[in-house]
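Quick notes on the structure that follows.
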Amino acid sequence: MTAVVTTKILTGFADAAIGPELWSQLLEQGDTNAVNLTCQWQRNWWETFGRGKLLLIAAERAGQIVAIAPLFADGGMIFNICPEDHLDFVGDVSDPEVLDSILSTARSALPDFLGFRFYFFPDSSHSGQRLQESAARLNLVCYEDEAIPSPLMDLSRNPELAHAATRKKSLVRHERFFTREGNLQVRHYRTAADILPQLPEFFEQHVARRAATPHPSLYCQPIQRAYYERLTRAVAPTGWLRFTRVEWNGRPIAFHYGACYRGRFVFGIPSFDIALARHSPGEVLLRQLLIAALEEKAETFDFGVGDETYKYRFSTDVIQLRNWGLYPFQPEEKKAKYEPRAGH
């Protein structure tokens, strides 16, 4: 006879029942194991941006935690933490009783419950289908709110294709300008001691790059700068961070803040010197990152969330990240009240 599933709301990320080691073990057992689902990344996001009520829910069977749902509640809605990249539940939720118990516990914690909003569940996960099935059992209606592409290059399936990408004429041509006209240096960093002193330059370059666009840099906001500083301190000891600085004649012309986790090289946040835009230092940076990913034998180069045109010049595959909404059944004329709110 299968042991009964029980759930509890943990006191927080410092709860003695969990820790990075157990969290990591659970990630190995779930459908999605991405860097921003790690305990370190999730905790840093919550401690910087968290609002409302943290709902860190653990599902147990026979006294052993089998899954964790990192959630929070705000304004009657329940969201998942850290809407930046591939997200999911942490651990195995294939047993319907596990997922039903997690959702029921979260819903019961809110007297003013309006619904759930889950961001960025990849198609490679079964969680979307499981949410639909669980919603039916819990008398909720499940909507697929949106699908967002996440292009990637498969480096392991066809390494020669990946190497060929680094030899594309457009990338090589721009790099040759800088090597011909001066001294080009590319440096890669992984430690907090190396990365932290360079973040102010990175932030300012990103702000200047975006100033001429309709979309200001996220680093215009002090809280975003603080987030990446904290993230660097929290995650750098794991060895997952990848920070690159491209210099020309001693002048930083491009930066990149990303990660490499379990063979997945994540193209995170790039920047370049807008004054040199006609010479495309951003393409020099991209070529060097592709080379770095190949040298460390990464299996994929993930261009991240979004459908920017340049990503499709190099990608071999596209993963769809889906947003799911679960709401109480309502008459059609009232359904708009439960539509997901903009933002997270």
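The values are calculated or read from the model by the stated rules, or taken from the named source; none is laboratory data. Model, not experiment: these values are computed from the prediction. So basically every Cβ, Gly included, is an ideal-geometry build from the backbone, and we count neighbours across all protein chains shown.
Key figures
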| read-out | value |
| --- | --- |
| Within segment 290-317, considering residues that are surrounded by 15 or more Cβ atoms within 10 Å (Cβ to Cβ) and farther than 25 Å from VAL186 by Cα, the one farthest from the chain's Cα centre (by Cα) | THR316 |
| Selection status of ASP95, within 19 Å of LEU26 (Cα to Cα), touching a residue at least 40 places away in the same chain (Cβ under 8 Å) and of a type in the set (Asp, Glu) | yes |
| Index of the failed condition, GLU28 passing every other in (1) surrounded by fewer than 18 Cβ atoms within 10 Å (Cβ to Cβ); (2) in contact (Cβ under 8 Å) with a residue 24 or more places away in the chain | (2) |
| Of all residues in segment 200-217 being in contact (Cβ under 8 Å) with a residue 40 or more places away in the chain and of a type in the set (A, V, I, L, M, F, W, C), the one that is nearest to GLU296 (Cα to Cα) | PHE202 |
| Qualifying helices (runs of 4 or more DSSP H) (wholly inside segment 113-192; at least 3 residues being farther than 20 Å from PHE303 by Cα) | 127-137, 169-181 |
| Whichever residue in segment 31-59 is charged (D, E, K, R) and under 19 Å from TYR261 (Cβ atoms) and, among such residues, is surrounded by the fewest Cβ atoms within 10 Å (Cβ to Cβ) | ASP31 |
| Among (1) more than 30 Å from PRO151 (Cβ to Cβ); (2) in contact with a Pro (Cβ under 6 Å, 6 or more places away or on another chain), the one test that ILE81 misses | (1) |
| Hey, ALA67 touching an Asp or Glu at 6+ places or on another chain (Cβ under 9 Å) and buried (at least 19 other Cβ atoms within 10 Å of the Cβ) or not | yes |
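Here is a yes/no grid of residues against (1) within 23 Å of ALA34 (Cβ to Cβ); (2) surrounded by 13 or more Cβ atoms within 10 Å (Cβ to Cβ); (3) not polar (S, T, N, Q):
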{"position": "ARG180", "(1), (2), (3)": "no, no, yes"}
{"position": "ASN183", "(1), (2), (3)": "no, no, no"}
{"position": "HIS188", "(1), (2), (3)": "yes, yes, yes"}
{"position": "ARG210", "(1), (2), (3)": "no, yes, yes"}
{"position": "VAL235", "(1), (2), (3)": "yes, yes, yes"}
{"position": "THR238", "(1), (2), (3)": "yes, yes, no"}
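Conditions (1) out of contact with any helix residue (DSSP H, G or I) (no Cβ under 9 Å at 6 or more places or on another chain); (2) under 17 Å from GLY306 (Cα atoms); (3) assigned by TED's automatic domain parsing to the domain that holds TRP324; (4) buried (at least 21 other Cβ atoms within 10 Å of the Cβ), marked per residue:
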| residue | (1), (2), (3), (4) |
| --- | --- |
| GLY75 | yes, no, yes, no |
| VAL90 | no, no, yes, yes |
| ASP100 | no, no, yes, no |
| LEU114 | no, no, yes, no |
